[in-house]
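Read through the structure below, which is laid out as structure tokens, and then see the notes.
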Amino acid sequence: MTKSIFLVVKANFRQRKIQQLLVGISIALSALLFASGIGILESIGQPFDKVFNKLKGSHIFLYFDERTEDYKKISSWFRQQPEVERVSEPSAYIMINGPLIFKGEKIDVMVQLTEYTKDHLQQDQVFVLNGAKKQYPGYGEIWLPNSLASNHNIHPGDTIGIPVGTGLQQMIVSATVVDPHYSSGVINPTRAWITEGSLPLFKPVLELNNDMLGIRIKDPSLIGAVWQRFNDQYHYTGSNLQYDLFRSSFLATYTVIGSVLLIFSVVGILVAMFLISTTISSNISSDYKLIGVMKAQGFTPANVIFIFVLQYFLLSLIFIPIGLLGSFLVIKVLFASLIKSIGITDLDFNLFAPFISASIVVLSVALFVSWYCGRKAAKIKPAKAIRDGGAEKKEVNKKPPYFPAKLSWPLPALLGIHFLLINRRRTWISFAGLLFAVFILVFSMNISNSFTKLKYNKAAWGFDNGNIQLSILKGRLLHEQFMESILQEKGIRSVMPYSFHGMTILSEKGKPVQEIYGKSFDGNIDSAGLINLVGRHPNAAHEISICIGTSEKYHKRPGDSITVFIEGQQETFFITGIYQDVSNLGQGFRLHASAIKNINPIYKPASYSLRVQPGIDVEEYKKYINHLFGGTINIESGIEDTIAVTSVVGSMRASLLLLAIFFVVVMVINIWNDMAMNIREYRKSFGIFKTLGFTSRQLRAVLVWKTLWLLIAALLIGLPIGVWLSPALMSMVTKNLGLVKFPYITDFPGTVLLIPIILFFGVMSAWFATRRTMLVNPRILIIE
Amino acid sequence: MIPPTIIRTENLRKVFKTGQSATGVINNLHCSIYKGEFTIIMGSSGSGKSTLLYLISGLENPTDGKIWLDTIPLHGRDEKNLALLRRDHVGFVFQDYNLVQSLTLEENILIAGYLGKKSRSQVREKAKELMETLGIGSLGKRLPSQVSGGEQQRFAIARALINNPHLLMADEPTGNLNSASSEKVLDCLAELNKAGQSIIMVTHDLKSACRGDRVLFLKDGEVMDSIAFDKSVTMEEREKILFSWLKEREW
């Protein structure tokens, strides 16, 4: 019997090659999307963990002032904890608040300049990616994290200027390194390494009071418990950086991509289920008599079901691996830049678990649907099937499907409507499939556009709206001089002086709980184009606005107060607003400069965000400003031009393109299959029409119109839903990135352009799929 | 005087090829069917009746030979031209009615009419008129499955006539009907013929065949013989004549 079943399955494959191929492609695409989604989410941590463990990274970093904390006591406490693997020796560091200068351009980033010591060979090693493979940086040399170097095209051998007092300390970049803690490029500050004993080049010895201590935990899941115990037993006043933050920063973009793919893979699987079920139903109706004959010859109901199960098992066996191979390539391409940034040259992901999960899910779905739908065939009564050749007619529908006879539209258009209404259940399912396709195309188009147009919507991403960012070189130009000159420029619309700061949030008991970084603005923050989700900007010394991640983490809302350590002092601020910011994963703050001036009366900002008048060519104006102020300023490139941002935008666009292609293919398959089934089911009606004088072209037009009506309905509903729902959906995914309200920009021309594209693909699919109507022969109408 | 022909064939041949074997279903068939005539085609199974019907209605192209519908040549036309020709000049009535089950009976008529050259309102008028004439005026809003076989067949006749075809083809129109319904359908056809409609009907039924003016007897793809009835002869007599005539031809 098994042999017979195999022969029937083989015949089915041979007889319906195209239909089986289309279902197979849908299975492959579902496996591709699902495996890519889980693969990315599951595997993205692997290269990071691999490098992190190889370099013996610390899970907790403590940053403190050695005058207020006794590092020996802290080290001793941690060493006694059973969960702790190792505690590092303290490393001295300083924070460079001013921008780095590279080839005359300003790199607006806070840098934690840290000494690389012998102890780093035991813990928190860095891995030299490019440059001389030495154990330590040499004197006068600096090691930069690869993310920072590649974002600004800095190569070993280049020289960078580090602001020191009133001038610049030139350092040779001898290597770019993998520093897992700062590998994401989205955490500000970042870290750079110099050789032991060279910090006095940057600060007087007496001011070198900052120490950093690394704690490596045996099992990262125990970090929380250790940290909780530490806070309970020890009054720590410094700040810290923990594994979860730097790991999730590194994974953030890919987590979003993986989540998007995974969400839509569920839709893909539903579509595959639908295709399999409709294909089986159509096969049963066209092979009704044959199934009856097979049962008459001794096939049991279980045998009949097994035919379908085996058929889709074999189809899955062929197409799931194809999908997985596609997924492997997708993951490889998406991860290429990522793994390079952490120094892995080969793709050594273990995708076994995600691929097995994807295979099991897709295969189970295919088997379940084929079993479920195959049961209809098992119920066929052989005698009736052989005698009547078809299923017993259901009770006649009292209300005939609508035919708009009085409309003066082309007859195929009218019949298209009529055919839509004959099998309403299938029409609804086809409509749902097309609606999903339209929705996802609109989603992909507009989310992709939102990333691409980041520079036109910077405020929503948490950046100010300045066209030009620059800094003045201390000792060469005073803040007041610069402001006086720049405000006289007719091309300038507004100037916002600002600076970076770090602050430590204190718990209600006064214990430090987290170090966060933010900016102070010297002026009306509204004029910098910055926006809040709720509340307003701070405009007084005691006011602060906090980022959404900080707000949620500490349950702080506008009207609450927050106590922090900033510029060496404990301060309590009144929260005026909450904003979102993609940098630092939603952790941060904004202050009015008066707050800093209150603490440090001689404080002067050194960075400026300039907004030029409308119509001015920004690049030309940059050159003009550079010329105007000579060597006293440094102009930096805009956030949108950094490699970190362009690579994120590139990855997102590639993923969304993949998603769009998937659903266009699904749409084509959906239509093709629907047409194939229609031709079979309405063969007799088409034969009648042909006899009445319909040309083959007109018959094809009937089915094309049927598809067209569905497409028009899907577009009419899907386009607005897509435009309306996409930001909400994307916001759910980017919430953990600090974007609770995704900065969505509708691409109206692009969205409108989707209409002809979708109609073109839809109509072409229907047109080519209906070429078999030409073969319908009215001979079927004649009873011999 | 010989009336003008509605169908004329010359050396008509139709060969079906299956793999390497070829079967000639219509072999050098010559025939003329006249305008206004009610022509019956009879023959045993496999004699080529249905294939001849296909050929003379333009549903299939002949392998060889020529066919004229009225003065219009059907041979050598492409599929699209044949479809247009069928639309404007030929009406079909089938044994199992072949109405589109999802459309109401009236819509079945309208669909055929909308294909033609008349305006949509004219088609609706004509459909109403035909339904009235055929005694089915009150059933138009129903689905085919909601009326009897005889009523369905009358709707099929109305559909066939909606575009005022030159020729009405009926393939065993009473084959699925009881005798009462058959009578009604045949009465309809007879009435139409009386009004000048040319009709070709394929049938196995002796009684139905007697409604015609002339019977063509097909055997092995050729017109073996034909017989014409005198208008004055009663139905009973026609039946007897036809029966013995067919018997002689080994029907």
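The values are calculated or read from the model by the stated rules, or taken from the named source; none is laboratory data. The model shown is predicted, which means the values in this text are computed figures rather than measured ones. Positions of Cβ are backbone-derived with ideal geometry, glycine not excepted, and every protein chain shown enters the neighbour counts.
Every listed requirement among (1) within 12 Å of the chain's Cα centre (by Cα); (2) farther than 19 Å from B:Pro4 by Cβ; (3) modelled with pLDDT of 90 or more is met by B:Ile109 save one, (1). Taking (1) surrounded by fewer than 24 Cβ atoms within 10 Å (Cβ to Cβ); (2) within 11 Å of chain A (Cβ to nearest Cβ); (3) in contact with a helix residue (DSSP H, G or I) (Cβ under 9 Å, 6 or more places away or on another chain); (4) under 19 Å from A:Gly693 (Cβ atoms) in turn, B:Ala112 satisfies each apart from (1).
Only residues that are of a type in the set (S, T, N, Q) and more than 23 Å from A:Ile548 (Cβ to Cβ): list them for the range A:450-471, please. Talk me through it step by step, then tell me what you get.
So the first thing to find is which residues in the range A:450-471 are of a type in the set (S, T, N, Q), and the list is A:450, A:452, A:457, A:465, A:467, A:469, A:471.
Residues satisfying the conditions are A:Thr452, A:Asn467, A:Gln469, A:Ser471.
Among the residues making up the range B:135-159, those that are more than 9 Å from every other protein chain (Cβ to nearest Cβ) and among the polar types (S, T, N, Q) are B:Ser138, B:Ser148, B:Gln152, B:Gln153. Against the list (1) closer than 16 Å to B:Ile157 by Cβ; (2) surrounded by fewer than 19 Cβ atoms within 10 Å (Cβ to Cβ), the condition B:Phe92 fails is (2). For the criterion of being among the acidic types (Asp, Glu), part of a strand (DSSP E or B), closer than 28 Å to A:Ala606 by Cα and in contact (Cβ under 8 Å) with a residue 60 or more places away in the chain, A:Glu85 fails. The number of residues in the range B:56-75 being out of contact with any strand residue (DSSP E or B) (no Cβ under 8 Å at 6 or more places or on another chain), part of a loop (DSSP other than H, G, I, E, B) and touching a residue at least 12 places away in the same chain (Cβ under 8 Å) comes to 2. Given the conditions (1) assigned to a loop (DSSP other than H, G, I, E, B); (2) facing chain A (nearest Cβ under 9 Å), which single one is not true for B:Asp88? The single condition B:Asp88 does not satisfy is (1). Taken as a whole, the condition of being among the aromatic types (Phe, Trp, Tyr) and surrounded by 23 or more Cβ atoms within 10 Å (Cβ to Cβ) applies to A:Phe589. Checking each residue in the range B:171-196 for being under 16 Å from B:Leu161 (Cβ atoms), free of Cβ contacts under 8 Å to residues at least 40 places away in the same chain and not in a helix (DSSP H, G or I) picks out only B:Ala195. Here is the figure for the range A:18-75: residues that are aliphatic (A, V, I, L, M) and in contact with a strand residue (DSSP E or B) (Cβ under 8 Å, 6 or more places away or on another chain) total 5. When the range B:160-179 is limited to residues that are facing another protein chain (nearest Cβ under 9 Å) and surrounded by fewer than 20 Cβ atoms within 10 Å (Cβ to Cβ), the one that is nearest to B:Leu105 (Cα to Cα) turns out to be B:Asn176. For the range A:739-766, a residue qualifies if it is within 18 Å of the chain's Cα centre (by Cα) and in a helix (DSSP H, G or I), but none of them does. When B:Thr18 is tested against the conditions (1) more than 10 Å from chain A (Cβ to nearest Cβ); (2) within 25 Å of B:His204 (Cβ to Cβ); (3) of a type in the set (Ser, Thr, Tyr), the lone failure is (2).
Determine which member of the set B:Asp187, B:Asp225, B:Asp171, B:Asp213 is closer than 29 Å to B:Gly65 by Cβ and out of contact with any Ser or Thr (no Cβ under 9 Å at 6 or more places or on another chain).
Details: B:Asp187 fails: closer than 29 Å to B:Gly65 by Cβ; B:Asp171 fails: out of contact with any Ser or Thr (no Cβ under 9 Å at 6 or more places or on another chain); B:Asp213 fails: out of contact with any Ser or Thr (no Cβ under 9 Å at 6 or more places or on another chain).
On inspection, the qualifying residue turns out to be B:Asp225.
Looking at A:Phe250, A:Phe306, can you tell me which residue is under 30 Å from A:His59 (Cα atoms), crowded, with 22+ Cβ neighbours inside 10 Å and either in contact (Cβ under 8 Å) with a residue 60 or more places away in the chain or not charged (D, E, K, R) (or both)? Reasoning before the result, please.
Working: A:Phe306 fails: under 30 Å from A:His59 (Cα atoms).
Going through A:Phe250, A:Phe306 in turn, the sole match is A:Phe250.
Note on the range B:39-54: residues that are free of Cβ contacts under 8 Å to residues at least 60 places away in the same chain and either away from chain A (no Cβ under 12 Å) or surrounded by fewer than 20 Cβ atoms within 10 Å (Cβ to Cβ) (or both) total 2.
Here's the yes/no breakdown for (1) out of contact with any Lys or Arg (no Cβ under 6 Å at 6 or more places or on another chain); (2) modelled with pLDDT under 90:
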position	(1), (2)
B:Pro3	no, yes
B:Ile33	yes, no
B:Thr71	yes, yes
B:Gly76	yes, yes
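Looking only at the range B:91-106, residues that are at the interface with chain A (Cβ under 8 Å from one of its Cβ atoms), touching a strand residue (DSSP E or B) at 6+ places or on another chain (Cβ under 6 Å) and either closer than 17 Å to B:Ile33 by Cα or among the hydroxyl-bearing types (Ser, Thr, Tyr) (or both) come to 1 in all.
If you go through the range A:401-424 and keep only what is modelled with pLDDT of 90 or more and part of a loop (DSSP other than H, G, I, E, B), you end up with nothing. On the stretch given as the range B:206-234, residues that are crowded, with 18+ Cβ neighbours inside 10 Å and not in a strand (DSSP E or B) total 7. Could you run through the range A:688-719 and say how many residues are over 15 Å from A:Leu434 (Cβ atoms) and more than 14 Å from every other protein chain (Cβ to nearest Cβ)? Selection size over the range A:688-719: 0. Please work out which residue is modelled with the highest pLDDT, limiting yourself to the range A:382-400 and to residues that are more than 14 Å from chain B (Cβ to nearest Cβ) and surrounded by fewer than 14 Cβ atoms within 10 Å (Cβ to Cβ). Among those that are more than 14 Å from chain B (Cβ to nearest Cβ) and surrounded by fewer than 14 Cβ atoms within 10 Å (Cβ to Cβ), it is A:Ala383.
Within the range A:662-687, if we keep just the residues that are in contact (Cβ under 8 Å) with a residue 12 or more places away in the chain and within 8 Å of another protein chain (Cβ to nearest Cβ), the residue that is surrounded by the most Cβ atoms within 10 Å (Cβ to Cβ) turns out to be A:Gly687. The one condition from (1) surrounded by fewer than 16 Cβ atoms within 10 Å (Cβ to Cβ); (2) in a helix (DSSP H, G or I); (3) facing chain A (nearest Cβ under 10 Å) that B:Arg124 does not meet is (1).
In the set (1) in contact with a helix residue (DSSP H, G or I) (Cβ under 9 Å, 6 or more places away or on another chain); (2) closer than 10 Å to A:Gly577 by Cβ; (3) modelled with pLDDT of 90 or more; (4) of a type outside the set (Gly, Ala, Ser), the condition left unmet by A:Lys556 is number (2).
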